[in-house]
1. Of a type in the set (Phe, Trp, Tyr) and touching a helix residue (DSSP H, G or I) at 6+ places or on another chain (Cβ under 6 Å): is that true of TRP101 in this structure?
2. Residues of region 76-107 being within 12 Å of the ligand (Cβ to nearest atom), under 22 Å from ASN213 (Cα atoms) and among the hydroxyl-bearing types (Ser, Thr, Tyr), which ones?
3. Of the residues LEU252, LEU272, only one is touching a residue at least 60 places away in the same chain (Cβ under 8 Å), among the hydrophobic types (A, V, I, L, M, F, W, C), within 20 Å of SER172 (Cβ to Cβ) and in a helix (DSSP H, G or I); which?
4. With the condition kept exactly as written, say whether any residue in region 137-146 is closer than 30 Å to PHE249 by Cβ, within 13 Å of the ligand (Cβ to nearest atom) and assigned by TED's automatic domain parsing to the domain that holds ASN230.
5. Of all residues being surrounded by fewer than 16 Cβ atoms within 10 Å (Cβ to Cβ) and free of Cβ contacts under 8 Å to residues at least 40 places away in the same chain in region 182-216, which is nearest to ALA11 (Cα to Cα)? Just the residue, please.
6. With (1) touching a strand residue (DSSP E or B) at 6+ places or on another chain (Cβ under 8 Å); (2) more than 16 Å from the ligand (Cβ to nearest atom) as the list, and ALA21 as the residue in question, which single condition is left unmet?
7. Considering region 61-75 alone, what residues qualify as being under 15 Å from PRO237 (Cβ atoms) and within 14 Å of the ligand (Cβ to nearest atom)?
Amino acid sequence: MRAYNFCAGPAALPTAVLERAQTELAEWHGKGMSIMEMSHRSADFVGVADKAEADLRSLMAIPDNYKVLFLQGGASLQFSAIPLNLLAAGQTADYVDTGIWSQKAIEEAQRFGTVNVAASSKADQYHSVPAQGEWKLTKNAAYVHVTPNETIGGLMYDFVPETDAPLVADLSSIILAEPIDVSKFGLIYAGAQKNIGPAGLTLVIVREDLIGNAQSGTPALMDYAAQAKNGSMINTPPTFAWYLSGLVFEWLQEQGGVTAMQRINQQKANVLYGYIDQSGFYANPIRTANRSLMNVPFTLADAALEKAFLKESEAAGLLNLAGHRSVGGMRASIYNAVPLEGVQALVDFMIEFARKNG
Ligand code: PMP
């Protein structure tokens, strides 16, 4: 039986998608082999790859002047690829620091150019997103980098920043969870292993006019213009992850697309935060307007109860509720593939646990 999986990533995938993959795993569409065994340059695989891109474009309403790249290396490799592609010598890139993932992006970018940390919510222990009025942006910055959803802190922007420089966003843990206006961004990137598909694939959605000026010495595999020119197939792409992500895109379309997902995601978040706030036993420290739709960290009234909470929740079929190793506490990631019933089951468990231990 499949349990409810609250892992932050690799994360739950829709059961219907896994079952479909299972039916076509050993032999894909009567071709005598699995999709994993096919040449990435075969007409069959190219068809799968193109359809995945077309479905993603339609789900996110990606304008025609954006390239969609299916890459490897995780979101972390993009921490380097972004400055290599967009930050020329003599320019400055602005970064907003809202927690652990933006810090990692900042540290990596500093290896390749000049970085200005335009704002930080460190003084507020990363419990809120700095208001845009407080940002100290650089005139003629190469780009402004933000992390709209901090997966570990559970902190989410409640606004799309307005910037003169191209806006670059790490959407790893919020992509496809709610509609966004892609045209407001110069570049969007996301590791697949949360709301897209299996680990091993990374999406980059980039405005055409921003590519083609990579720093000299940029590896070809990290050069957006080279990848775009070669259909993300300079070398062998992660074919199975690409295929499975395509199945997730089809599943999302069947659910009614990203607008329908947002409605369910909002319901899920309301149920969980609503209970935490009135429980008197659990707590979430994030400013209400900046609470993440996808990642809900929480603490127990007594940290000594954490071990028992994890053991008993696992026995109840509620998996992976431990917070990130760097912060501790609990965290429930409630991505698209975690159904409302899963969140309700979690809250029922939390009620009972608080009653026994409160
Ligand atoms: N950015 C964010 C917001 C993340 O949540 C993660 C992974 N948890 C990363 C970047 C790094 O992703 P990857 O492991 O794919 O490099």
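The values are calculated or read from the model by the stated rules, or taken from the named source; none is laboratory data. Source: prediction; values computed, not measured. When we count neighbours, we look across all protein chains shown, and the Cβ atoms used for this are built from the backbone with ideal geometry, even at glycine.
1. no
2. Once the filter is applied, which keeps residues that are within 12 Å of the ligand (Cβ to nearest atom), under 22 Å from ASN213 (Cα atoms) and among the hydroxyl-bearing types (Ser, Thr, Tyr), region 76-107 yields SER76, SER80.
3. Residue meeting the stated conditions: LEU252.
4. For region 137-146, residues closer than 30 Å to PHE249 by Cβ, within 13 Å of the ligand (Cβ to nearest atom) and assigned by TED's automatic domain parsing to the domain that holds ASN230: present.
5. Among those that are surrounded by fewer than 16 Cβ atoms within 10 Å (Cβ to Cβ) and free of Cβ contacts under 8 Å to residues at least 40 places away in the same chain, it is LYS184.
6. ALA21 satisfies all of (1) touching a strand residue (DSSP E or B) at 6+ places or on another chain (Cβ under 8 Å); (2) more than 16 Å from the ligand (Cβ to nearest atom) except (1).
7. Result: PHE70, LEU71, GLN72, GLY73, GLY74.
Listed here are the residues, each with its yes/no results for (1) over 14 Å from ALA241 (Cα atoms); (2) of a type in the set (Gly, Ala, Ser); (3) assigned by TED's automatic domain parsing to the domain that holds PRO148.
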| site | (1), (2), (3) |
| --- | --- |
| ASP44 | yes, no, yes |
| ALA49 | no, yes, yes |
| SER58 | yes, yes, yes |
| ALA61 | yes, yes, yes |
| ALA75 | yes, yes, yes |
| PHE79 | yes, no, yes |
| ILE82 | yes, no, yes |
